[in-house]
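Novice: Below you'll find the structure I mean.
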Amino acid sequence: MVDVVAPQAVPGASGPPLAELGLPRVPGRRAGPLSGLSPSRAADFMTCPLLFRFRTVDRLPEPPSAAAARGTLVHGVLEHLFDLDAVERTPDRAAAMLPETWDGLVAVEPELAELAGEPGEDRDAWFAAAADLLDRYFLLEDPSRLQPAERELYVETELDGGLRLRGYVDRLDIAPGGDLRVVDYKTGRAPGVGYEAKAMFQMRFYALVLWKLRGVVPRLLQLVYLGSGEVLRYEPDEADLRATERKVVAIWHAIERAHEQRDWRPSPSRLCDWCAHHAICPAFGGTPPPLPVEVGSVDETPAEVEQVERSG
Ligand code: SF4
């Protein structure tokens, strides 16, 4: 099913320009604890400030998940599929790339190996599920008719107040006329009705960065959900991206305020089901560890950004 999402205002991001809100517009890099933000970490804070703290301030480890590892594997195959000649980009060829791509990932991160299950039925089923996701990709797009301009593109730009926005774009297509299409693969299912705009935040974030970097508003943002075989599309405009900028800056200031006040509140929701920190979360009767006396930078490295963005 193809679902076209109508343009919507970004919640909490409408209103007067930043200067009128008294927010800083100091040129150059700020010396605060957070000088950069990725869409994943911004989404963490919007979901639950305490989750943001656990991940970004405390940097608590989270158990690796087989589904996230499979997501990284499928992203890897879809990246390298376009190294092949167009006629070779077939479902069978993509499935055949799974073992070699997995071996390459395990060579870099040996601890991934056990996530694919024990050799035998477990592992076969794990790879079969990855092959199913790739098969679904071919139902949504014909990669023999595409030649991406960029794959796994690291993008970073600095806003007026000094905040750096960064992330990895799965794929960037450029039409002969110069139109940009930003594509992101998701190995999960498409969001339910009413949650599309939230899912599209990441893509608006990338569109904002690309607009700043290239001076062109991307024509189309496309989320490809391999879990359910659906595509969400959205056509942003300048007003949209300005609203996204205001929203991102507002998140940044809220994070800095939480950091200064050492106040990271839990915000329970159904997303708690996927949180690894129940045992230390007050919403589940737990007690968070003491905050470090001194918290320096809470920035992610580009490698951390890549790891999070590629596992979805
Ligand atoms: S369990 Fe829920 S409320 Fe607690 S930290 Fe995780 S996401 Fe936040």
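The values are calculated or read from the model by the stated rules, or taken from the named source; none is laboratory data. Worth saying up front: this structure is predicted, and the values here are computed from it rather than measured. Every residue, glycine among them, receives a Cβ derived from its backbone with ideal geometry; neighbour counts consider all protein chains shown.
A quick yes/no check of all residues on (1) within 30 Å of Leu165 (Cβ to Cβ); (2) modelled with pLDDT of 95 or more:
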| position | (1), (2) |
| --- | --- |
| Pro61 | yes, no |
| Pro64 | yes, no |
| His80 | yes, yes |
| Ala107 | no, yes |
| Glu118 | no, no |
| Phe138 | no, yes |
| Pro143 | yes, yes |
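Novice: I need every pair where a residue in segment 53-82 that is in contact (Cβ under 8 Å) with a residue 24 or more places away in the chain has its Cβ under 6 Å from the Cβ of a residue that is in a helix (DSSP H, G or I) and within 16 Å of the ligand (Cβ to nearest atom), sequence separation at least 6 or different chains.
Specialist: Once the first residue is in contact (Cβ under 8 Å) with a residue 24 or more places away in the chain and sits in segment 53-82, its partners that are in a helix (DSSP H, G or I) and within 16 Å of the ligand (Cβ to nearest atom) give Thr56/Arg41; Leu60/Phe54.
Novice: Sort through Arg53, Arg59 and tell me the only one that's crowded, with 23+ Cβ neighbours inside 10 Å and either outside the structural domain of Val108 (by TED's automatic domain parsing) or away from the ligand (no atom under 12 Å from the Cβ) (or both). Working first, answer last.
Specialist: On the way: Arg59 fails: crowded, with 23+ Cβ neighbours inside 10 Å.
Result of the check over Arg53, Arg59: Arg53.
Novice: Assess whether Leu139 counts as being in contact (Cβ under 8 Å) with a residue 12 or more places away in the chain, hydrophobic (A, V, I, L, M, F, W, C) and crowded, with 16+ Cβ neighbours inside 10 Å.
Specialist: On the way: in contact (Cβ under 8 Å) with a residue 12 or more places away in the chain: yes; hydrophobic (A, V, I, L, M, F, W, C): yes; crowded, with 16+ Cβ neighbours inside 10 Å: no.
Criteria not met by Leu139.
Novice: Would you mention how many residues in segment 128-174 are more than 22 Å from Ala66 (Cα to Cα) and among the aromatic types (Phe, Trp, Tyr)? Let's see the steps before the verdict.
Specialist: Start the filter on segment 128-174 by keeping residues that are more than 22 Å from Ala66 (Cα to Cα), which leaves 138-151, 153-167, 169, 171-174.
Filter once more, keeping what is among the aromatic types (Phe, Trp, Tyr): 138, 154.
Count: 2.
Table: residues versus (1) in the same structural domain as Ala43 (by TED's automatic domain parsing); (2) away from the ligand (no atom under 16 Å from the Cβ); (3) within 19 Å of Asp160 (Cα to Cα).
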{"residue": "Leu220", "(1), (2), (3)": "yes, yes, no"}
{"residue": "Tyr225", "(1), (2), (3)": "yes, yes, no"}
{"residue": "Leu232", "(1), (2), (3)": "yes, yes, no"}
{"residue": "Asp237", "(1), (2), (3)": "yes, yes, no"}
{"residue": "Lys247", "(1), (2), (3)": "yes, yes, yes"}
{"residue": "His253", "(1), (2), (3)": "yes, yes, yes"}
{"residue": "Pro266", "(1), (2), (3)": "yes, no, no"}
{"residue": "Leu271", "(1), (2), (3)": "yes, no, no"}
{"residue": "Ala276", "(1), (2), (3)": "yes, no, no"}
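Novice: Scan segment 201-214 and tell me whether some residue there is farther than 15 Å from Ser40 by Cα, of a type in the set (Ser, Thr, Tyr) and not assigned by TED's automatic domain parsing to the domain that holds Ala128.
Specialist: The answer is no; no qualifying residue exists.
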